[in-house]
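Novice: This is the structure I want to talk about, given as structure tokens.
Just so you know, all these numbers are worked out from the coordinates, no wet-lab data involved. Just so you know, these numbers come straight off a predicted model, no measurement behind them. So basically every Cβ, Gly included, is an ideal-geometry build from the backbone, and we count neighbours across all protein chains shown.
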Amino acid sequence: MNSSNDFDTIIIGAGMSGLAAGIRLAHYDQRVCLLEKHWTIGGLNSFYRVNGRNYDVGLHAMTNFTEKGAKKGPLARLLKQLRFRWDDLQLAEQKGSRIAFPSVHLDFNNEIGLLQTEINDKFPHQKDAFQTLLNRLVDYDDLKQEDFQLSTRAILSEILSDPLLIEMLLCPLMWYGNARQHDMDWGQFCIMFRSIFLEGFARPFKGVRLILKHLVRRFRELGGDLRLRSGVARICIEGGRTTGVELENGTILTAKRILSSAGIVETMRMCDDNSLSEVHMAGEMTFIESISVLECQPKEFGFDKTIVFYNDSEKFHWTKPTDQLCDVRTGVICSPNNYVYSSAEGELEAGFVRLTTIADYKRWSDMTADRYAREKLAWYDESVASAIRFMPDFRRYVIDTDIFTPKTIRRFTSHDNGAVYGAPDKQLDGTTRLSNLFLCGTDQGFVGIVGAIVSGISMANQHCLRQ
């Protein structure tokens, strides 16, 4: 471990992207310091323990699943670049998921054929158009900035003639990776479509802690310097370049370059040369999430879906609430029990149902502690009442609950507004106006666990190894 305070690369944020970037650089003998302002790692994708139970934060599923031995795709790429084995992640495939609207539902799994069959059956007049959409997605370049911000709604309307099918396809993809309200960047749609429908969902039996354990262990084995409770007070700038950082405790660290996963708005605000004078808009999309612990497995009361994305009207509304704390018209239901675990792993000890609901950060942050506690319980009830329209009623089986809000997300990610997917405008090449300050993670443009890891690897390769 480097005992001095001078490094080749300083990485801000010990989430998935920062850890992956650190490993990649340490493989090539760079002196890397990974800074995390909190006492734990993982950012949004972390875990905690309450009342003797382990809870995941953020992880519903890993997207981009491919079978063992696959040579292509983001999962295969990250395993190769980080020198992990496929078995290290202990991935179990989803049993099957659903997009549920009032008049119709579409089931899907990790094979695109099921979704095609569902669309052919329920939208037969869209069969050829959907195939046209699939053909167009194959050729999309993830890093082509000029096409990234095209309107997905406009493009889908050119290809598909049924408005309901458009809304149903947008629902899960926006829920799992869209920072922009109302519409979705075409590039983000292509990335998320492939990661969810063409590749699919999986989950480590022990949850996100297994992934984090492997990442931290590898980083430290390679000599990386991981510093917790080490928030950055400012990024030091001289002559249009970063020279290092000053920590909140006054310590000065120097480096040839800085790679930040803190978000573009948050990163530029740290710069001591007023770099935030460039206009960057913070994201607005944030959520509350409840975790219900059950006395039985969900299959015992008839719920066998891995994830259900639901919407209670034929128009999907993707925007922060305008007049209340939450919007329960749409949501996500997830059960970590409903994956195909191996016989050696068995089943999770308890049943779980996780519900995610759109929320307004400002309203959640501007209330007293007493009201905050009351509102969490009230909106837990509201979100459950909304969800059970699309799944069996599980309330009689609940033995424990936990709830986190946009305030929790803000505390552990430092993203303005608790924005889960960061700023709406992505910087795909990871550059900033400063020649040796780069971005990785959510605001670079790849979201989700696999996306964040690939982002860290890609930006480390492009900006920190080629120089």
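Novice: Which residues in region 172-194 place their backbone N less than 14 Å from a point set 7 Å from the Cα of Leu134 along the Cα-to-Cβ direction?
Specialist: The answer is 194.
Novice: Pairs Lys72/Lys305; Lys256/Lys320; Lys71/Lys299; Lys299/Lys426: which exceed 32 Å Cα-Cα?
Specialist: Violating the 32 Å limit, Cα to Cα: Lys256/Lys320; Lys71/Lys299; Lys299/Lys426.
Novice: Calculate, in nm to one decimal, what Glu300 and Arg234 gain on full extension: separation in residues at 0.36 nm each, minus their alpha carbon distance.
Specialist: Contour length minus Cα-Cα distance gives 18.4 nm.
Novice: For helix 112-122, report the angle its Cα long axis makes with the longest principal axis of the Cα atoms of the chain; keep it between 0 and 90° and round to the nearest 10°.
Specialist: Tilt relative to the chain: about 40 degrees.
Novice: Separate question: Counting each DSSP H run of 4 or more residues in the chain as -39500 (n - 2.57), what helix-only mean residue ellipticity at 222 nm follows after dividing by all residues, to the nearest 500 deg cm²/dmol?
Specialist: Helix-only estimate at 222 nm: -9000 deg cm²/dmol.
Novice: From the Cα gyration tensor of region 1-139, with a ≥ b ≥ c the square roots of its eigenvalues, which class applies: rounded if a/c is under 1.5, or else prolate if a/b is larger than b/c, or else oblate?
Specialist: Cα axes put region 1-139 in the prolate bin.
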